[in-house]
1. When the chain is modelled as a GNM with alpha-carbon springs shorter than 10 Å, which of Tyr181, Tyr252, Tyr66 fluctuates the most?
2. Measure of size requested: the Rg and Dmax of region 270-406, with Cα atoms as the atom set and Å as the unit; please supply both.
3. Can you say what percent of the DSSP beta bridges in region 175-305, counting only those with both residues inside, are antiparallel? Round to 5.
4. Using all C-alpha to C-alpha distances in the chain, build P(r) with 10 Å bins and read off the rounded percent in each one.
5. Regarding region 323-376, what's the average projected area of the Cα-atom convex hull, expressed in nm²?
6. Tell me which residues come under 5 Å, amide H to amide H, from Asn143 once H is placed; ignore anything under 5 positions away on its chain.
7. Would you kindly state how much longer the chain becomes between Glu24 and Val416 on full extension, computed as 0.36 nm times their sequence separation minus their alpha carbon distance, in nm to one decimal?
8. Tell me which residues come under 5 Å, amide H to amide H, from Asn350 once H is placed; ignore anything under 5 positions away on its chain.
Amino acid sequence: MSTPQLIPFLEAQDPEIAQAIRGEEKRETEGLELIPSENYVSKAVLEADGSVFTNKYSEGYPGRRYYGGQDYTDIVERLAIERACKLFNCKFANVQPLSGAPANVAMYFALCKPGDTILGMDLGHGGHLTHGHPVTHLAKIFNFVRYGMKNPETGEIDYEALRETALREKPKMILAGFSAYSRELDYAKFVEIAKEVGAITVADMAHIAGLIAGKAVKNPFDYGFDVITTTTHKTLRGPRGGMILTRENEEYAKAIDKSVFPGLQGGPHMHLIAGKAVAFGEALKPEFKEYAQQILKNAKAMEKVFLDAGVRLLGGGTSNHLLLADVFGSLGVTGKDAQTALDEVGITLNMNSIADDPRKPMDPSGIRFGTPAITTRGFKEADCAKVAELMLAVLNNIDDAEVKTNVREEIKQLCVTHPIPESFV
Ligand code: DSN
């Protein structure tokens, strides 16, 4: 049983905030987290995040800071860098980005000039806003050209079209990566195309960093990618934050350091860097590989139940931690109604647009869900199949209060038998 966080000073001083923390603890304890980008950190990571490092300013990098008093910040940041490089098999790491979006912004400004062309995956096909969506500030500065899937049924990227676009547009950078895509990318193909046009290769692996660290999926660096950006939470199971890794090019690494600070950010959040170092230490343990493999097995177990029930999955299924289901096309339930109904029974996931979605983003055709957090809770394939069946029971009886009451009880039971762990080592 996960013990509640000790917050005696907060309870005495600010009961409203303390109560909200207790409420969130209860929500996380009694419900199932299926948002594929969320997870539970260990108490050790939580302690580092809540440590006195939150008091400290440390602009600069280890050994060359603009403020005094850096004996301990340097220890923490050096350890985070060393562990990150070991985990992802690369020479350089910048662990200061505050999250994934700032990591991408700093990376673009380090490696490209305003007006340069960047190829990135279309948001509607699974890419991320920061891969050049027109609503972002980035799209006003760089010339983003988007690519997509050849066939949403197989999830295969249209590499031939990507190559033709690259030959025509002569991009400075080709970006691979996604936030709602359930298949592996052909990294060798990306590198081959990039070499033909002299482009830098960057992978945004925010969603699958933990799977790469746990060697459950391919590492883009093994195929010659130059740079990787990522968040440190999600599958990697660290604190909220970002990171930029460079395989071996020192010039790129230096430009990235300058771009993060002083280019984009001020003082790094040293308490979160301490949390990152702790999480990377956990990911270097052999148990982390088992966790990463289990995430994939669990996603496959959910895939089978949905496919057997005739629900269309984008990409035809999953090769990673997430699934994207066309619930509107298959069950006549909108993504928003599905999200609301499942929330009521204690299953948290998110509505999501699907490729070529006929519906609007605020009430799309799809739902996106995944297995990282329930795998952390110790769910195995049979438990995940059960969760998928309970989801379908709700989606097929969206207005039936009795079904929902029964499912809510079953979810509560699963939560009792699978408490959130306190430690992973
Ligand atoms: N918000 C993250 C996700 O849920 O995928 C991406 O930034």
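1. Of the options given, Tyr66 has the highest mean-square fluctuation.
2. 16.5, 49
3. Working: 5 of 11 bridges.
If I count the DSSP bridges inside region 175-305, around 45 percent turn out antiparallel.
4. 5, 21, 30, 27, 14, 3, 0
5. 3.8
6. Gly115, Asp116, Thr117, Ile118
7. Gain in length upon complete extension: 139.5 nm.
8. Arg368
The values are calculated or read from the model by the stated rules, or taken from the named source; none is laboratory data. What you see is a predicted model; the values in this text were computed from it and never measured. Using ideal geometry, Cβ is built from the backbone for each residue, glycine included, and neighbour counts are taken over all protein chains shown. When the accessible area is computed, the model is the full protein with side chains, heavy atoms only, and any ligands, DNA or RNA have been set aside. Shrake-Rupley method; radii C 1.70, N 1.55, O 1.52, S 1.80 Å.
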